[in-house]
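I have placed the structure first, in the form of structure tokens, so that the comments after it can refer back to it.
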Amino acid sequence: MSNPTLLKSSIGKKLLMSITGMFFVLFLLFHAAMNAVHIFSPEAYNEVCEFLGANWYALVGTSVIALGFIIHIAYGTILTIQNRKARGADRYDSEVRPASVEWASKNMFALGVIIFVGLILHLWMFWSKMQFAEIANIPLDAEIGASSYADGSSFIMYWFSKPWVVITYMVWLVAIWFHLTHGFWSMFQTMGLNNKTWMSRLRCLSDIIATIICVAFAAVIIAAFCMSL
Amino acid sequence: MATFDSKIPEGHLFEKWSNYKAHQKLVNPANKRKLDVIVVGSGLAGASAAASLGELGFNVKCFCYQDSPRRAHSIAAQGGINAAKNYQNDGDSVYRLFYDTIKGGDYRAREANVYRLAEVSNNIIDQCVAQGVPFARDYGGLLANRSFGGAQVSRTFYAKGQTGQQLLLGAYSALSRQIGKGTVKMYTRTEMMDIVVVDGKCRGIVTRNLITGEIDAHFGHAVILATGGYGNVFFLSTNAMGSNGSAAWKAYKKGAYFANPCYVQIHPTCIPVHGEFQSKLTLMSESLRNDGRIWAPKKAEDAQAIREGKKKASDIPEEDRDFYLERRYPAFGNLVPRDVASRAAKERCDHGFGVENGGAVFLDFKYAIERLGKDVVEARYGNLFQMYEKITNDNPYETPMKIYPAIHYTMGGIWVDYELQTTIPGLFAAGEANFSDHGANRLGASALMQGLADGYFVIPYTVQNYLADELHTPRMDTNSGEFAKVKADVKAHIDELMNIKGTESVDSIHKRLGHIMWEHVGMGRTKEGLQEGIKQIQELRAEFWKNVRIPGSANELNVELEKANRVADFLELGELIARDALHREESCGGHFREEYQTEEGEALRQDDKFAYVGAWEYKGKDVEPELHKEELKFEFVELKQRNYK
Amino acid sequence: MEVQNLNLTLKVWRQKGPKEQGHFETYSLQNISPNSSFLEMMDVLNEQLINEGKEPVAFDHDCREGICGMCSMYINGEAHGPDDHVTTCQLHMRKFKDGDTITVEPWRSAGFPVIKDLIVDRSAFDKIMQAGGFVSVNTGGVPDGNAIPIPKPNADEAMDAASCIGCGACVATCKNGSAMLFVSAKVSQLALLPQGKVEAARRAKAMVAKMDELGFGNCTNTGACEAECPKGVSITNIARLNREFLCAKFVD
């Protein structure tokens, strides 16, 4: 971002939203793939956890993701505030959503808030007790019964045996799914990488990617819950 | 005070405009910004004139009553714009465009003006392309053309069915650029209420801010009226609801002559009237006549059955369809000029062959679809068909369109000389507001051409010629002298309207005026009818001034007051139209006197008596106006009875 | 061909002036022909109000053939009402049923303040155009119209973008009050044509800067603008605007 005026412009801010958004899609794809390993082999999953433990490269990655998140949230908030202001003080008495307008597209901020709350919970459940605990020298949470900070499998089995956690996560995943179905193609649109031919393709791809990610996450959770029964 | 000299330059027809430009006076760049020019109206003529004068460096003020200059009614022109480019290699030339325009105008236009119009037509296309107007193109990437009524060549440039919109947006973009640069100051939602004449020269205007009701005066070294036509005097017309003749009328009352008011064009292909609450008529582009065939049932009983809903158009067998234009005019067929096509439709309906409420004929695309395929027809007319279906709920791909003539354009207007200057020095008129180029009838796709020709290529020269002598006129104080007086007059006029406090709405009176006009001063006029019309208009005018009701106050946004002000002028203008029609004892173009027709029912001109422009001078309230005649000399074309057979 | 006329209840926004508090008024209207346009129905209402000695409802309208872009109105929760690809003047009463209650509101957006009743101030659009919605050519001195061939698909696409009528339905409909569809239509039209390409970068930057300055919101790609646009201007134009703008910014 060599150009300071770019970020002052509406399109520049949105570009930042789409770049950071792009990051998450890639991160989520990776995360989902990694989780899916757990269904087939908890040991292999733990090896991946070990690899992504308290190492410098994993820490750098985590920081980048964290920074991306902060930017995405901060700019999302700024844009939303601006947009509400631009809407004006008087609201419409009646409003109809045209059929071609996705529900998600009108509720991205609300979905974002749900995702954010879920994320805090998720970080507390896993990250704060794994990678973070290891760096900060916090002792392992005995109740979970993990053998090491990188024993991800035990964390999964512990949390997803609780029905309230499973239900909370399902709600979270639904929010993520909606957010992604709009966010994915919207990202290309904002970057200017769209036209009449690609519009329908990108929209279709959005649904596919969002579904792959969410189904993969959900499968791990449901599998863990079933195993715990 | 008034000068009534057409000031046609010397020389051969082909050289007049070049000669004029070569010898006219110019203003040097440093002096231009010392000169103020007022442009009233922001349609094709107004926007292009304001932009071009701004580019030259004059200090321009532009006014429009709409919320943006882009809304001017030029935007609604659908079909196209003519130019003598001869891109199609079909034998077109400047002379041929000139000749077609003179002939189409039934030999009632000034040769020199029309030739200049044809001459600059090509520049207009170039200018618009350079502005980014997305004209239709062929696969080779070059400009496409279509043919239009009254011509045997294909010379009409178009942008889908929205040519007027695209040309206006082109002019609007040029105007916007100048507004951004500060050479033009734009006043929107501001209506001109009167002109200010100081020592015989027009020096400014008085306006009303339509939001606050404030009355202001503006000084200009020259004033250009580009305020469009007065078709709304008929209430129902294809004009926009706000289109009005008030600016022209105010100029007339201040001494500008009003020329040929009776030349009113009736467009043959409009959507018929559906009911008493109808507020306007929608035109279907004349280009539809390229591929659509016009017919009425041959048998009166079929027409009646269709009217009663017992039969549909498709129930009428081929041999019982009367393609009356093809029958009467084999050479031009469905592409005869507008006046001829309109009268032919009226003739059929008057004889009981009309459909709908008796006031419609069919425009059928069945044959075009059979010949060209639905795809081609859709590509050419898709948006027009869609528009028709939205309005009527009929699908023109399956059932023929119903059409009927409607008031569309006014060839008459403020009298101007070759420089487009009115009889008041310093007051110019451009576009539909003046009378100059179309004679008694305008050809399709020529209005856009004339508006832009005046604004881009004529006014910037001729106004400069006038302004060169005005360098030493200081800007005047608009709070004193004549300006203050006119402002007071305008306020008094508004107060008078507000104080009537009657019981009838402005629209209801306007509708009644429209009925009188259509009935007595419409497509077929007679001496008795016109006299009756004048009487009725006078009575209605008296009633208006006694009984109109305008709610609200004058110091706020008050739509009824705006309308009342315009209708008050229409009630006077309507009478002048009738007077002009009454005095012109011949039929020509848009003016058809039933007493003067050939045996076949065609317009019969009286060239020995009426080959002149009738210019009316205002002589005061309730005093008969005085007629001045500008003889039309035809040196380069031979006067002929128009023949489209 | 007898058609049944409609009896309707109208809930119309009334507001004396820009700074005044507005409110809804309810009117009942009898015997409206389904063949009349929505504005003709409004004319009937106004005639009725005038006859009752009340002030008529102020609304913007002019050409009444769907091209000038002057008519506005948010009808039953939709810009230009419940028909697709029409302006309010082209909306016909056959789209409503006998006994319906119709809610009529002005465009609501910070960029379009209400002037009176249903009339709003859309001069912000003019200001955006003045910032860069043009090709910088003066009158005269331009090349022949056929000097530069333009591929038909480009000319056609430019025409589609150029069909914008500047009515403001996009802003009125957008939950963010964004003017991106309007701006993108002009930027696209001119960027697609060789005549406009020359200053495409400058234009995109200037128009976006003006749009932001005037307080329009940010586009979040909901596509509501496209759905309500009476001329069907596509949001792929917004993608092109983004592209033009970002490319222009990155070479700065």
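Bear in mind that the values in this text are calculations on the coordinates, not laboratory data. The structure presented is a predicted model; accordingly, all values stated were derived computationally and were not measured. Cβ sites come from the backbone with ideal geometry, for glycine too, and all protein chains shown count toward neighbours.
Quick notes on this one:
- 11 Å reach of a label modelled at residue A:54, 7 Å along Cα-to-Cβ, counting backbone N of the stretch A:138-154: A:138-140, A:149-150
- For chain B, the spherically averaged projection of the C-alpha convex hull amounts to 27.2 nm².
- Evaluating 6.51 cos²θ - 1.76 cosθ + 1.60 at θ = phi - 60° for every residue in the stretch C:240-252, the Karplus couplings come out as 5, 4, 4, 4, 4, 5, 5, 4, 4, 5, 6, 8, 5 Hz, glycine and proline recorded as x.
- Mean Cβ neighbour count within 10 Å, used as a protection proxy, ranking A:142-148, A:65-71, C:40-46 highest first: C:40-46, A:65-71, A:142-148
- Exposed loop sites here are trypsin sites (Lys or Arg not before Pro) assigned a DSSP state other than H, G, I, E or B and surrounded by at most 11 other beta carbons within 10 Å; excluding them, the longest clear run of chain C is C:98-252.
- Using θ = phi - 60° and Karplus 6.51 cos²θ - 1.76 cosθ + 1.60, couplings along the stretch C:102-113 (whole Hz; Gly, Pro as x): 10, 9, 10, 10, x, 4, 10, 5, 4, x, 10, x
- Expected 222 nm ellipticity per residue - DSSP helices of 4 or more, -39500 (n - 2.57), all of chain B, to 500: -11500 deg cm²/dmol
- Proxy reagent accessibility, fewest Cβ within 10 Å first, across B:583, B:12: B:12, B:583
- For the stretch C:6-115, the antiparallel share of DSSP beta bridges with both residues in that region comes to about 75%.
- Only beta bridges with both residues in the protein assembly as shown are counted; by DSSP, about 70 percent of them are antiparallel.
- Taking each DSSP H run with n ≥ 4 as -39500 (n - 2.57) and averaging over every residue of chain A yields -26000 deg cm²/dmol at 222 nm.
- Over 21 Å apart at the Cα level, from the set B:201/B:253; B:185/C:231; B:250/B:621; B:160/C:231; A:106/C:205; B:160/C:186, are B:185/C:231; A:106/C:205.
- Legend: ranking of residues B:523, A:187, C:180 from fewest to most surrounding C-beta atoms inside 10 Å; resulting order B:523, A:187, C:180.
- Put the Cα centre of the stretch B:551-602 next to the Cα centre of the stretch A:24-39 and the gap is 78 Å.
- The stretch B:79-136 - Kirkwood radius from inverse mean 1/r over Cα pairs (Å): 12.2 Å
- Global form of the stretch B:270-407, assessed from the alpha-carbon gyration tensor, a/c cut-off 1.5: rounded
- Reported to the nearest whole Å, the Cα centre-to-centre distance from the stretch C:106-127 to the stretch B:417-454 is 35.
- 18 Å tail of the calculated P(r), the stretch B:375-528, as % of Cα pairs: 78 percent
- Relative contact order [Cα under 8 Å, 6+ residues apart], chain A, whole percent: 31 percent
- Whole-number Å³ per residue for the convex hull built on Cα positions in chain C: 159 Å³
- Helix runs (DSSP H) in chain B reaching 20 Å along axis by Cα, Kyte-Doolittle at least -1.0: B:111-131, B:163-181, B:374-392, B:481-498, B:506-520, B:559-583
- For the stretch A:1-40, the list of chymotrypsin sites (Phe, Trp or Tyr not before Pro) that fall in a loop by DSSP and count at most 16 other C-beta atoms within 10 angstrom is empty.
- Each semi-axis of the equivalent ellipsoid for the protein assembly as shown is √(5λ) with λ an eigenvalue of the Cα gyration tensor; in descending order they amount to 60, 32, 29 Å.
- Per the Cα gyration tensor, the stretch C:87-134 maps to an equivalent ellipsoid with semi-axes of 31, 14, 7 Å, ordered largest to smallest.
- Residue B:154 sits among other residues whose Cβ lies under 15 Å from its own Cβ, and their net charge, with Lys and Arg +1 and Asp and Glu -1, is +1.
- Counted residue by residue at 0.36 nm each, then reduced by the alpha carbon distance between them, the extension gain from residue B:22 to residue B:532 reaches 178.5 nm.
- Gyration tensor verdict on chain A (Cα atoms; rounded if a/c is under 1.5, prolate if a/b is larger than b/c, oblate otherwise): prolate
- The stretch B:16-174 - convex hull of the alpha-carbon atoms, volume per residue in Å³: 140 Å³
- DSSP-assigned coil residues among GluC sites (Glu not before Pro) in the stretch B:357-457, each with at most 13 further Cβ atoms within 10 Å: B:398
- Per-residue extension of 0.36 nm, minus the Cα-Cα distance of residue B:367 and residue B:636, leaves a gain of 92.8 nm for this segment.
- Of all DSSP-defined beta bridges confined to chain B, some 70% are antiparallel rather than parallel.
- Summary value for the stretch A:110-162: 25 percent relative contact order, contacts being C-alpha pairs under 8 angstrom separated by 6+ residues.
- The modelled label-to-label distance for the pair residue A:148/residue B:397, using points 7 Å beyond Cα in the direction of Cβ, is 7.0 nm.
- Shielding by partners, peptide C:47-59 (average Cβ within 10 angstrom, other chains): 4
- Entry for the stretch C:90-186 at q = 0.21 Å⁻¹: log10 I(q)/I(0) = -1.16, Debye formula applied to identical alpha-carbon scatterers, no solvent contribution.
- Hypothetical label at residue A:47: residues of the stretch A:148-181 whose amide nitrogen lies under 17 Å (7 Å Cα-Cβ projection): A:150-154
- Shielding value for A:131-138 is 0, the average number of Cβ atoms from other chains within 10 Å of each residue's Cβ.
- Within a straight-line Cα-Cα reach of under 28 Å, residue A:129 can be paired with the following lysines, leaving aside sequence neighbours fewer than 8 residues apart in one chain: A:162.
- Placing one equal scatterer on every Cα of the stretch B:481-604 and applying the Debye formula, the log10 ratio I(q)/I(0) at q = 0.10 Å⁻¹ is -0.41.
- Comparing B:271, B:292, B:244 along the charge dipole axis of the stretch B:242-296, the residue lying farthest to the positive side is B:244, per the Cβ-charge model.
- Under a 5 Å amide H cut-off, with hydrogens placed 1.01 Å from N, residue B:39 pairs with B:61, B:62, B:63, B:224 among residues at least 5 apart or on other chains.
- Inter-chain shielding of C:187-197 (mean C-beta neighbours from other protein chains, 10 Å cut-off): 3
- Exposure proxy order (Cβ contacts within 10 Å, fewest to most) of B:235, B:277, C:250: C:250, B:277, B:235
- Sequence-distant lysines (8 or more away, or on other chains) whose Cα lies within less than 18 Å of residue C:97: B:390, C:11
- Entry note, chain C: relative contact order of 19 percent, from Cα contacts under 8 Å with a spacing of 6+ residues.
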